[in-house]
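Report on one structure; see the data block that follows.
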Amino acid sequence: MPATPAHPWRRFPPGASRPVHLHLRPERGHPHAHPAEVRTFISELSDVVSVAALQEAATNRLIQLDADKRPVIAPGRTGRIGTTITPACLRLLTGTVQQPNRTGSRFDFLLDAASTERLRRDPSNTRFRVADDEKRYRLAKVPAACIELTDPADS
């Protein structure tokens, strides 16, 4: 005779792995759980570690889906620094993307001559010292999210 569950509504003892019923989506040929089943599965998780692991997996998937939509930022591409960056003196400066940091979340950015001159003369610029003889100023660690590419994608 099988052991009695810990609670009348629970088929599995706490901590035991629970099977997830998956349905095949013929158009894709792989298993897919319905959102209602996923919600039920999540609501039955009994410990913080399991919920945190699931949350981390969902976050990673959202990042991956978002990255698939973004243009590929690579050294040599031309672009403009967006309006969301601080300090404000860097907004809408143009130049060429340089090497990324280790994670690819920030890039060095080599300003073109006109943007270098604009940064040099900007009265709100108290952070970047651009020498009078410097033709193109190199900004370090510009966030990738603030770089808007201006060249065609196939270059």
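The values are calculated or read from the model by the stated rules, or taken from the named source; none is laboratory data. A quick note: this is a predicted structure, and the numbers were derived from the prediction, not measured. Methodologically, a virtual Cβ is constructed for each residue, glycine included, from the backbone with ideal geometry; neighbour enumeration extends over all protein chains shown. Areas reflect the complete protein model, heavy atoms only, side chains present, ligands, DNA and RNA absent. Shrake-Rupley method; radii C 1.70, N 1.55, O 1.52, S 1.80 Å.
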Within segment 61-72, residues part of a loop (DSSP other than H, G, I, E, B) and among the hydrophobic types (A, V, I, L, M, F, W, C) come out as V72
Under 8 Å between Cβ atoms, at least 6 apart or on separate chains: pull out the pairs that start in segment 125-136 with a residue that is in contact (Cβ under 8 Å) with a residue 40 or more places away in the chain and end on any residue that is open to solvent by less than 100 Å² (accessible area, probe 1.4 Å). R127/P87; R127/C89; R136/G95; R136/L110; R136/L111; R136/D112; R136/A113; R136/T116
